[in-house]
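Only one structure is covered here, and it is reproduced in the block below.
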Amino acid sequence: MLAELFAATQPTLLVITGPTAVGKTELCVRLARQLGTEIVSADSRQFFRELTIGTAKPTPAEMQGVPHHFINSHSITEEYNAGRFEQDALALLTQLFQRHRVVILTGGSGLYLQAVTEGLDELPAVPPEVRQQLRTELEAHGLQPLVAELARLDPVAHARLDRQNPQRVLRALEISRGTGRPFSSFHGGKSAERPFRPVKIALTREREELYRRIDERMDQMLAAGLEEEARGLYPHRHHNALQTVGYQELFGYFEGHYDYAEAVRLLKRNSRRYAKRQLTWLRRDAEYQWFHPEEVQRVTE
């Protein structure tokens with residue numbers, strides 16, 4: 001594959017993705033060193049400077065001197081979404097392709113990868129009162145009734161979205177309620193033209209192996225001080241960046257909804273569920289070539 005990438009006349013974006021804890025970082029760094037290139041992160045949580053342990057950011061030692069972009073690039077106080085990332089990443093890639101024939105794009109956030117490689121579908125405008133009503137319901141009754149409504153209105157979006165992320169659930173329901181059509185029906189349009197050729201690789205492991213790695217990662221995060229990090233972030237819990245697995249479970253513990261042992265159980269369970277949703281999203285794209293992370297020889301031959 002490396003020979004093919006070097007031989008290509010068109011700039012090539014090597015996309016490497018997979019579920020959480022599958023082993024993306026190690027492979028990306030190895031390939032970047034072999035290719036003499038740089039890495040662009042499309043991990044929607046690693047953008048934020050304040051989130052470190054709970055987002056499993058690569059350490060300087062793990063980066064091995066390879067430049068990584070869009071890690072610690074924003075604050076949780078900023079509103080940052082896939083549309084803005086599309087614009088910023090494309091501008092950066094224009095610069096990177098001036099000095100590299102191949103650039104690596106990596107992360108487990110499928111929507112952000114899609115934004116760069118294909119563009120985002122244009123969604124219809126919805127009256128602002130629809131979103132306000134949804135926010136009122138969220139504050140009054142919590143997230144679960146809205147998740148249940150999404151399952152009824154749009155089973156496809158319900159299966160794909162991060163159902164622990166209120167922002168994603170609200171957005172899908174906002175479109176479904178406001179238009180009378182499922183949110184997922186607005187996806188699948190023609191891909192935008194790009195001045196590079198995407199080559200897509202997805203990593204996977206046997207379910208038991210992946211789930212064991214996820215559980216071990218959560219234990220390592222807790223040992224590294226995840227609880228203390230979450231306590232420091234608790235006053236900022238209303239920001240969208242913190243509506244995510246890894247922090248929400250600890251916030252519930254801080255608020256007395258359950259004990260520490262239950263918080264740990266939820267951290268592991270919700271991380272496994274998140275990995276399952278990531279795989280569901282990726283498998284709908286037939287362009288991905290699937291590998292076990294240890295099949296490096298097949299990837300790099």
Selection over the range 231-272 where residues are in contact (Cβ under 8 Å) with a residue 60 or more places away in the chain and within 20 Å of D215 (Cα to Cα) yields a count of 8
Can you pull out the residues in the range 169-207 that are small (G, A, S) and either in contact with a helix residue (DSSP H, G or I) (Cβ under 7 Å, 6 or more places away or on another chain) or at positive phi (or both)? A172, S176, G178, G180, S184, G188, A202
When you scan the range 223-243, how many residues do you find that are assigned to a helix (DSSP H, G or I) and within 21 Å of the chain's Cα centre (by Cα)? 8
Contacts under 6 angstrom Cβ, first residue in the range 36-60 being closer than 20 Å to E79 by Cα, partner part of a helix (DSSP H, G or I) and of a type outside the set (K, R), 6 or more apart: A42/Y112; A42/L113; S44/Y112; R45/T55; Q46/T55; F48/A241; G54/L226
Could you say whether any residue in the range 152-171 is small (G, A, S) and not assigned by TED's automatic domain parsing to the domain that holds V264? yes
Which helices (runs of 4 or more DSSP H) does the range 90-160 wholly contain that include 2 or more residues that are touching an Asp or Glu at 6+ places or on another chain (Cβ under 9 Å) and touching a residue at least 60 places away in the same chain (Cβ under 8 Å)? 110-117
Residues in the range 283-301: is at least one buried (at least 17 other Cβ atoms within 10 Å of the Cβ), part of a helix (DSSP H, G or I) and modelled with pLDDT of 90 or more? no
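The values are calculated or read from the model by the stated rules, or taken from the named source; none is laboratory data. Remember, it's a predicted structure, so these values are computed and weren't measured experimentally. Every residue, glycine as well, gets a Cβ built from its backbone with ideal geometry; the counts of neighbours run over all protein chains shown.
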